[in-house]
Amino acid sequence: MPQPKAPPGCRNRNDSSVAPTVTLAARRTRLIQRHHLDGSAPDATSAIHSVLGMHSSDPTTPHLGVLARMAASQPAVISERGFDPLDEALHFSRDLWRLHAMRRTLFIITTDDGPTVHGAASMNIAAQERRRLHRWLADSQDPRIPADIVADVSRRTIEKLATDGPMSSQQLSQSVPELAQRITVGSGKWKAEQSLASRLLLVMALEGGITRTEPLGSWRSSQYRWASIDHWFSDPPTRASPSRTAEDNDDVAAAQGRARLVARYLESCGPATKADIAWWTGWSATKVTNALTAIEAAAVTLADTGDIAFVTADDDIIAGADDDHVGNSNSGTAVTFLPSLDSTPMSYRDRSWYLGEHQAALFDRNGNIGPTIWVNGRIIGGWAQSDDGVVVTHLLDKVDATAQRLIAQRADELTSGLNGGVVVPRFRTPLERHLAAGKQ
């Protein structure tokens, strides 16, 4: 059977006309090693960097996701502030940045990756949101809300945060009263009234002027204090200019930013297909193809599907250097409990190679994944907590005795670490609901 050729614009280090084959076992092994699914991450920043960005729409996801990836070196202990290594990296050493990025999803990323993610993903969303806000203000019939209010209120908000430090939206609205004014957003049956703060602070954060800091309340809270980004970080990450509009999204700088983001995505998640990249970024097929061409991505063939996928041009897999060591400690079996919305299963459009036939049990109707159990780079079951805080499991695939022992051990460790606290995922899935209700 003839080997598929590399698509135009991409290359293979050894032979520009042939795409080498990557086995299913190699893909799963790479996922374990690159995403620390064996618990080998040395610190929280490394755990976040390994997946490029950790989903934070559910505030508990990053804490449990980092905990799982550091299981070999850190006890599974959750305090009132969450998993301490993540809390330290977010709020003390400040090596991490929480911002909306790909597909308008809230992520935690490293400050090293910040400029790439912000310029390639956040700024286009910011331009769209700012245009919508200006349109809503221009359509307002309330003479107390002039359409040019945005620039002045933004400036005074940043000045207040620079002088007084992190503040909640409510505190900011007391100091900058215009933020408390009600505006009409949306149209038709989706029309609603919200405070100006709820929309403007989102735009300012997307543009990189302000950032979310400590939560209001415990680690389960999704309400945050705001800070001036230039005062929160001792070495503020470089941000794209907020003057760029959505129409500028095809300029040279934007194209270069997309290329850098795709390169980082492939370093973390490659091999990945064009469909995977388009889904993860939310971009058109043309933009994905142009980015792959710009970085001279190398094409490979996925042995299990025959599809063409891509890796960076210097990826070891092009030279045939498949990794074959996996496992927790000396067991040879890599077992981990990932939380709902974890970035590993949410980084690909085609999930069949690690999900199998378990879509219906483990995802909700909107495509959000629930808590999962992984063995050697594939999902074999799910987990949840009962009302008394005990972690309960259900296996959807058969595993050997060693894996069963490690699964029971991880469940006990997580039960102990959560210390009686019960985490209810924000987006609940059929198997998680079933287990939480005490059904097996």
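The values are calculated or read from the model by the stated rules, or taken from the named source; none is laboratory data. Here the structure is a predicted model, which means the values were calculated and not measured. Quick reminder, even Gly has a Cβ in these numbers, built from the backbone with ideal geometry, and neighbours come from all protein chains shown. SASA here: full protein model, heavy atoms, side chains in, ligands and nucleic acids out. Shrake-Rupley method; radii C 1.70, N 1.55, O 1.52, S 1.80 Å.
Annotations for the structure displayed:
- Extension gain from residue 303 to residue 428, taking 0.36 nm per residue of separation minus the Cα-Cα distance: 41.6 nm
- When you restrict to C-alpha pairs under 8 Å that are six or more residues apart and normalise by the size of the chain, the relative contact order lands at 20 percent.
- For residue 214, distant residues with modelled amide H under 5 Å away: 225
- Residue-normalised accessible area of the chain, expressed per residue, 1.4 Å probe, Å²: 43
- Crossing angle, helix 196-207 versus the chain [Cα axis fit, 0-90 degrees, rounded to tens]: 50
- Charge dipole of region 136-236 (Cα centre as origin; +1 on each Lys and Arg Cβ, -1 on each Asp and Glu Cβ, all else neutral): 420 debye, rounded to the nearest 20.
- Charge-dipole axis of region 45-145 as Lys and Arg at +1 and Asp and Glu at -1 on Cβ define it, positive-most pick from 59, 126, 140: 140
- Here region 283-440 exposes an accessible surface that is 45 percent carbon and sulfur, computed with a 1.4 Å probe and the other protein chains kept in place.
- Angle of helix 60-69 to the longest C-alpha principal axis of the chain, folded into 0 to 90 degrees and rounded to 10: 30°.
- Cα-based shape type of the chain, given that a ≥ b ≥ c are square roots of the gyration tensor eigenvalues and the cut on a/c is 1.5: oblate
- Around residue 176: net Lys/Arg minus Asp/Glu count, Cβ-Cβ under 13 Å: -1
- Stokes-Einstein diffusion coefficient of region 192-302, Kirkwood radius over Cα pairs, 37 °C, 0.692 mPa s, in µm²/s: 195
- Cut-off 12 Å between beta-carbons: net charge of the residues surrounding residue 92, Lys and Arg +1, Asp and Glu -1: -3
- In this simple spin-label approximation, residue 162 and residue 175 carry label points 7 Å from Cα along the Cα→Cβ vector, and these lie 1.2 nm apart.
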